[in-house]
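Shown next, in structure tokens, is the structure this report addresses.
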Amino acid sequence: MLLLRCPLPLLLLLLPLHSRPQKLPTRDEELFQMQIRDKAFFHDSSVIPDGAEISSYLFRDTPKRYFFVVEEDNTPLAVTVTPCDAPLEWKLSVQELPEEASGEGSGDPEPLEQQKQQITSEEGTELFSYKGNDVEYFVSSSSPSGLYQLDLLSTEKDTHFKVYATTTPESDQPYPELPYDPRIDVTSLGRTTVTLAWKPSPTASLLRQPIQYCIVINKEHNFKSLCAVEAKLSSDDAFMMAPKPGLDFSPFDFAHFGFPADNNSGKERGFLKSSKFGRQTPPKPRVDLHRVCIGNKNIFTVSDLKPDTQYYFDMFAVNTNTNMSTAYVGTFARTKEEAKQKTVDLKDGKVTDVFIKRKGTKFLRFAPVSSHQKVTFSVHSCLDAVQFQVRRDGKLLLSQSVEGVRQFQLRGKAKAKYLIRLKGSKKGASMLKILATTRPNKQSFPSLPEDTRIKAFDKLRTCSSVTVAWLGTQERNKFCIYKREVDDNYNEEQKKREQNQCLGPDTRKKSEKVLCKYFHSQNIQKAVTTETIRGLQPGKSYLLDVYVIGHGGHSVKYQSKLVKTRKFC
């Protein structure tokens, strides 16, 4: 094949102008390499270079024609056409080059217009044709010399495509070779994970060429080329960096399957920018699609998928020297359903203890026996905040993050059934107490002030006592204070681990009890109480806890306070 950089009219000037035949020049490899590096060299040209992949576009229903010359008979030839985001119709044909001039042996050359007419008016011999969106090839070990034409047409929409042609297919091999079994195997399937495995490309394992594998995950369909994937992604979406060694990539750590919000997702993705000369393309909808290149390993786990959801997986072997790729046979898999959890029934007016694993979920049901005007949910989160949702007959009424003690009152409805969903913390396991009742005066949990810290007065510290204060409420409650001596290296992290607000005074030693008293104030601004704890040792550290106990006997612990007596007085 000849490397040409001229359009067809100039190409015809190279045809013989004398009666005796003459050969076209062969490929200058040094010039070829220089020109291939210059990507603009072949931009919008009708000439196909030898041994390089070109990218171009088609307007809908507007055919496009490319040319190349094979100068000698019995030349190997390979042509590859890659549709991107629309099916293509393409045809490869060949015409003989004019070698003998007419004119009764006068030796005078034919006029140029007559030569052009002789070549372009003939249809030529069709060698191959195809219609579809597969990556398709024409390969011949012995092709005749002549002017080759490649005609392409898209009848669906404007589209990108790629073309590669070579007269040295055995030595070039720019596309990675597929293994004898090019399928992707699903080796493990979970509710949120899928593990994939595939056989390595012989291009990497035998020819030792640099190959990396790129995975594409989406919920719509499989892709037949990386070009088709790129057409679905915005131009500024870059390939993800390969994960650190030993760690599989988790590309779905987002609120929905899908991916980081694309600020350009609403922009036009046509092949021409808006202008009065160009055809405008409507914006494409954002697709839940992601790709990641993972180096040369051939097993990979995709995590953080949605349960009971079908995903499509495609694998592409990419030659990093040529940046050209080959698609494995894609696969699909449906993740497993969420494990059906047992629903706990709540009894009217009775406190229920609930334990939730880290990031776990629990479901509770409350079905009042009698008609009711209001329903009250009291929730006491013992450790970290939990997500609390209430649905009535399938309709979402409430969704809140609950920390400490919270109370929610909802309007009742005859024969209504309430479904409560509790979502645990990401930090660790969650514990809580919950009470549901249709009796508005039924309150098992004591009311709490907004601030449940204990304040220590540094100036009132002595070698044997400390003075502290805490807030109360307008409701008369019982308060009990406890102390425990701790080591000097006791820190905030240890204190945090002991912040289970649901553990009441009954779990403490009697020797740790300081006192209990009742307290309240109708003026919320004055609902403050102080207490001096005596009988302490000089220079020692103590952990102080205050418990407030409600009418139903349930207690809530204030935030613990670490104090230290003076060493010298």
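The values are calculated or read from the model by the stated rules, or taken from the named source; none is laboratory data. All figures in this text were calculated on a predicted structure; none of them were measured in a lab. Here the Cβ positions follow ideal geometry from the backbone for every residue, glycine too, while neighbour counts run over all protein chains shown. Side chains are part of the model used for accessible areas, which takes the heavy atoms of the whole protein and leaves out ligands, DNA and RNA. Shrake-Rupley method; radii C 1.70, N 1.55, O 1.52, S 1.80 Å.
Side notes on the structure shown:
- Cα-based convex hull, the stretch 344-437, per residue volume (Å³, whole number): 78
- Backbone N within the stretch 193-228 under 15 Å of label point (7 Å from Asp185 Cα along the Cβ vector): 195-201
- Near the amide H of Val514, within less than 5 Å, lie the amide hydrogens of Ile481, Tyr482, Lys483, all on another chain or at least 5 residues away, with H placed in the peptide plane.
- Taking each residue as 0.36 nm, the span from Leu410 to Glu338 lengthens on full extension beyond its C-alpha to C-alpha distance by 23.0 nm.
- The stretch 433-534: GluC sites (Glu not before Pro) in DSSP loop, at most 10 other beta carbons within 10 Å: Glu450
- Simple point charges give the picture: +1 on the Cβ of Lys and Arg, -1 on the Cβ of Asp and Glu, and for the stretch 484-569 a dipole about the Cα centre of about 240 debye.
- Modelled FRET efficiency - R0 51 Å, Arg421 with Tyr518, Cβ distances, 0.05 increments: 0.85
- Note: relative contact order over the stretch 449-569, using C-alpha pairs below 8 Å and six or more positions apart, is 41 percent.
- Loop-located chymotrypsin sites (Phe, Trp or Tyr not before Pro) across the stretch 483-569 with a Cβ neighbour count of 12 or fewer within 10 Å are Phe568, with loop assigned by DSSP.
- At a probe radius of 1.4 angstrom, the accessible area of the stretch 344-437 per residue rounds to 54 square angstrom.
- The label-point distance for Arg60 and Val528, in a model that sets each label 7 Å from Cα toward Cβ, rounds to 7.4 nm.
- Label-to-label distance for Asp172 and Ser447 is 8.3 nm, based on points extended 7 Å past Cα in the beta-carbon direction.
- Calculated FRET efficiency, Val139 to Lys359, Cβ-Cβ distance, R0 = 56 Å: about 0.55 to the nearest 0.05.
- Over 20 Å between alpha carbons, listed pairs Lys199/Lys336; Lys459/Lys513; Lys433/Lys509; Lys219/Lys427; Lys64/Lys91: Lys199/Lys336; Lys459/Lys513; Lys433/Lys509; Lys219/Lys427
- Under-5 Å amide H pairs with Gly404, H placed in peptide plane, nonlocal only: Ser381
- Segment Arg439-Val486, length gained on full extension (0.36 nm per residue, minus Cα span): 12.5 nm
- For the residue pairs Lys455/Lys478; Lys423/Lys455; Lys162/Lys232; Lys350/Lys561; Lys340/Lys426, the alpha carbons lie more than 25 Å apart in Lys423/Lys455; Lys350/Lys561.
- Neighbour-limited loop hits for trypsin sites (Lys or Arg not before Pro), the stretch 464-569 (at most 13 other Cβ within 10 Å; DSSP other than H, G, I, E, B): Arg476, Lys509, Arg534, Lys567
- Applying the Karplus relation 6.51 cos²θ - 1.76 cosθ + 1.60 with θ = phi - 60° to the stretch 345-357 yields 3J(HN,Hα) values of 8, 8, 9, 4, x, 10, 6, 10, 8, 10, 10, 10, 5 Hz, where x marks Gly and Pro.
- The stretch 344-437, relative contact order [Cα under 8 Å, separation at least 6], %: 47
- Highest-first arrangement of 375-388, 346-359, where packing means the average Cβ count within 10 Å: 375-388, 346-359
- Residues whose placed amide H lies under 5 Å from that of Lys224, excluding near-sequence neighbours: none
- Note on the stretch 454-564: Kirkwood hydrodynamic radius from all Cα pairs is 14.6 Å, rounded to one decimal.
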